[in-house]
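One structure below.
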Amino acid sequence: MHPTFRAMLAPAIALAAVLGGCEYCLVERSPEAEKLLHDDTVLTRSPAQIQVMGMSCPKCVSNVDIQLMRVPGVTRSAIDMSIGVVRVEFDPSRGITRAALAKAVDDSGLTVTSIQEG
Amino acid sequence: MRTMLALTAPAVTCAALAQEASFTPAATMPSPGAWVVHTMFSGGTFESTGPQGVDGYLMSYNTMVQYGLVPGLAIEGSLPVYNGSLGSTDPAKRILGTGLGNLEVDVKLRLLRVDFNTIDTLRIAATAGVQAPTATGDYRGTAVNPYLGGALTWIAGRHGVGASARWMFTTGSTFDPNFGDFTSADMMHAAASYMYRLAPAEYGSEHKEAWYASVETTAVYETNGDAQVMLGPGILMEGTRFALEMAIQFSLWQESTNRGDSLFTAMVGLRFLF
């Protein structure tokens, strides 16, 4: 293999990954999760109970905290790993949608299966 | 044959989210905008295996940082600092003192994510990056070395299995902490781990710390024929935003020509998520 090609191989792949983002990431989402990610229904009653899959360890699920607290209007999140539920308190006047909460969970690397209000 | 105590520098860039064993990079990554900082301290001694082989000690303090760019994509980097005294009958091969190691920067791309239920998950990720010749002092090399790798993480209840492999295309001379010497050969690192969650047996309503026991095996193969296989236990205490780890590895088999052999590897590490 030509030395220049060798030296450029990994950086080129890395650049392609950065430019491409996660377009080729194979994420197996349930139909419910896909529906929630596109559900623009505004949540009107706090708290919301989010059912989540893939909570394999305490530190992993802290990513959910990080992402949910970045949703404008979310004031608190509490995780119950025993049943896979994240309880989210929010300001109902901020117009938070189901899709916003579902995306926060999905961005954290976990799978959302349902969101219930109140 | 002289007895030796070996605490060699971890050769593989370790990512830093749990449930991740100490020497086996996981397929996990921080979410967008989140940081993981992972510091590892290790050190040890080498035994000469040839007429010009390396013997002595080497300690390493390695800092690794990960940052989530977008969902499923993270950038990570690591920079070790070495302190060692590695002797040889060949004066040109002697290494003494403290110096920076080579900076490694790569991107990690999630290829697969399947969450089976509340706990169980399967992740596969690929990495591509480059090792830059930032080393100083006697650790200074000449090469810019790209590398490609992959990792798999499977969690099933209290059990966790990890596997990883990485191929480095060495383009010149670079310091190789696995054998305490320089190499110009391509290098493959492979690792596999099993982790068992000691506590809690079942997660409660509040997620607090978890304790894991692990057993890992790591392997190094270089295209010059040198190879190494290590095996050993570890323990990991993981909180919500930090983790503490300790692990040792014993040599199962090594084949190196005019380089150093290590008998065992030990490390302590801290991980932070913020």
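What follows draws every value from the coordinates through simple rules; no lab data is involved. The shown structure was predicted, so the numbers you read here are calculated from the model rather than taken from an experiment. We place every Cβ from the backbone using ideal geometry, glycine too, and count neighbours over all the protein chains shown.
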Next item on the list: Sum -39500 (n - 2.57) across every DSSP H segment of at least 4 residues in the protein assembly as shown, then divide by the residue count to get the 222 nm mean residue ellipticity, nearest 500.
Entry: -3500 deg cm²/dmol
Checklist line | At q = 0.13, 0.22, 0.25 Å⁻¹, base-10 log of I(q)/I(0) for region A:30-117 (Debye sum, equal scatterers on each alpha carbon) | finding: -0.33, -1.00, -1.32
Margin query: Using each residue's phi in region B:20-32, evaluate 6.51 cos²θ - 1.76 cosθ + 1.60 at θ = phi - 60° and report the 3J(HN,Hα) Karplus result to the nearest Hz, with x for Gly and Pro.
Written below: 10, 6, 5, 10, 10, x, 9, 8, 8, 7, x, 6, x
Margin query: Tell me the net charge near B:GLN254. Cut-off is 11 Å between Cβ atoms, B:GLN254 excluded, with +1 for each Lys or Arg and -1 for each Asp or Glu.
Written below: -3
Note to self: Cut-off under 16 Å on the C-alpha distance; same-chain residues fewer than 8 positions from B:LYS93 excluded. Which aspartates and glutamates are left, in chain and number order?
What the structure shows: B:GLU47, B:ASP55, B:ASP138, B:ASP176, B:ASP181, B:ASP261
Checklist line | Nearest-0.05 FRET efficiency for B:LEU100 and B:VAL229, computed from C-beta distance (R0 22 Å) | finding: 0.15
Checklist line | Debye log10 I(q)/I(0) for the protein assembly as shown, one point scatterer per Cα, at q = 0.07, 0.14 Å⁻¹ | finding: -0.34, -1.11
Note to self: Counting only GluC sites (Glu not before Pro) that sit in a DSSP loop (anything but H, G, I, E, B) with at most 13 other Cβ atoms within 10 Å, what is the longest stretch of chain B containing none of them?
What the structure shows: B:1-201
Notebook entry, point to check: How far is it, in nm, from the label point at B:MET246 to the one at B:SER85 when both lie 7 Å from their Cα along the line to the Cβ?
Noted result: 2.6
Item checked: Vicinal HN-Hα couplings computed from phi for region B:126-136 (Karplus, 6.51 cos²θ - 1.76 cosθ + 1.60; Hz; Gly/Pro x) -> 10, 10, 9, x, 9, 9, 9, x, 8, 4, 10
Next item on the list: Give me the compactness ratio for region B:35-273, meaning the Cα radius of gyration over 2.2 N^0.38 Å.
Entry: 1.05
